Ligand SMILES: Nc1nc2c(ncn2[C@@H]2O[C@H](COP(=O)(O)OP(=O)(O)O)[C@@H](O)[C@H]2O)c(=O)[nH]1
Ligand SMILES: [Mg+2]
């Protein structure tokens, strides 16, 4: 039997998309196997996302809806991870998840602590447009040059051992889109075993956030992580 897994899905202003996405998520839980549940972590929506999520789940006990006031993708992920009671947790977006990846990641349970679906690993197939692919390439370059990371992608589907979450998540200082990046970088630096599975990326709808706004915010955020990690290692030595 595969180990238990909680799939954490941050959701925000998704009332229109959930009626088709939640049945797809339930079918994915079925395919990954018994012991697989999901937490839909809503925060700060201006539509009735949380109520629609509860309705779309139709009382299925495998789905829990968390609700918090302030919009923050990373905080939703962190709250979902910390609420989970399974051996493993996953993070996926509501428009991008796959049973194949989740099952393949759990199959690596004996040899990995963090399994990333990488859009940049050899063999990955990325069906997104050229601008989004360029953004992922540049982000990865920054991870390597600014943070000295060996991983090829920190943003997207991932499966993490709960003991790693318990140790690392409380130390993460980034919120929003960089929470998971800092989590993975800290896990890597702590010596946890990171494995990557080449991803097949097919988003089910166009991106809703502006890349132009996201790029400067991301670069500033990565510099801030670098400063924080450097200060921590100076304080330790
Ligand atoms: N809880 C929460 N979820 C968010 C927030 N912003 C985006 N999301 C969710 O994050 C996931 C990715 O969002 P999406 O708009 O597809 O972003 P993109 O594909 O990265 O451009 C989706 O499941 C969104 O509902 C937020 O402020 N809070
Ligand atoms: Mg998306």
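Tabulated data for the structure shown
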item	result
Qualifying positions in the stretch 75-109 - closer than 20 Å to residue 166 by Cβ and out of contact with any strand residue (DSSP E or B) (no Cβ under 8 Å at 6 or more places or on another chain)	78, 82
Within the stretch 63-173, helices (runs of 4 or more DSSP H) holding 2 or more residues that are at pLDDT below 95	130-147
Qualifying residue in the stretch 208-224 (condition: modelled with pLDDT of 95 or more, crowded, with 17+ Cβ neighbours inside 10 Å and away from ligand 2 (no atom under 16 Å from the Cβ))	yes
Test: residue in the stretch 143-158 that is in contact (Cβ under 8 Å) with a residue 24 or more places away in the chain, surrounded by fewer than 19 Cβ atoms within 10 Å (Cβ to Cβ) and within 16 Å of ligand 2 (Cβ to nearest atom)	no
Residues that are within 11 Å of ligand 1 (Cβ to nearest atom) and within 16 Å of residue 199 (Cβ to Cβ), drawn from the stretch 61-110	91, 92, 93, 95, 96, 97
Criterion violated by residue 43 - all others in (1) out of contact with any strand residue (DSSP E or B) (no Cβ under 6 Å at 6 or more places or on another chain); (2) within 16 Å of ligand 1 (Cβ to nearest atom); (3) more than 25 Å from residue 163 (Cβ to Cβ) satisfied	(1)
Residues located in the stretch 185-202, provided they are surrounded by 15 or more Cβ atoms within 10 Å (Cβ to Cβ), in a loop (DSSP other than H, G, I, E, B) and within 16 Å of ligand 1 (Cβ to nearest atom)	199
Every residue from the stretch 203-213 that is touching a strand residue (DSSP E or B) at 6+ places or on another chain (Cβ under 9 Å) and either closer than 19 Å to residue 111 by Cα or away from ligand 1 (no atom under 12 Å from the Cβ) (or both)	none
From 104, 166, residue being loosely packed, with under 15 Cβ neighbours inside 10 Å and away from ligand 2 (no atom under 16 Å from the Cβ)	166
Residues of the stretch 114-129 classified as touching a strand residue (DSSP E or B) at 6+ places or on another chain (Cβ under 8 Å) and surrounded by fewer than 22 Cβ atoms within 10 Å (Cβ to Cβ), total	8
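The values are calculated or read from the model by the stated rules, or taken from the named source; none is laboratory data. Since this is a predicted model, take the numbers as computed values, not measurements. Using ideal geometry, Cβ is built from the backbone for each residue, glycine included, and neighbour counts are taken over all protein chains shown.
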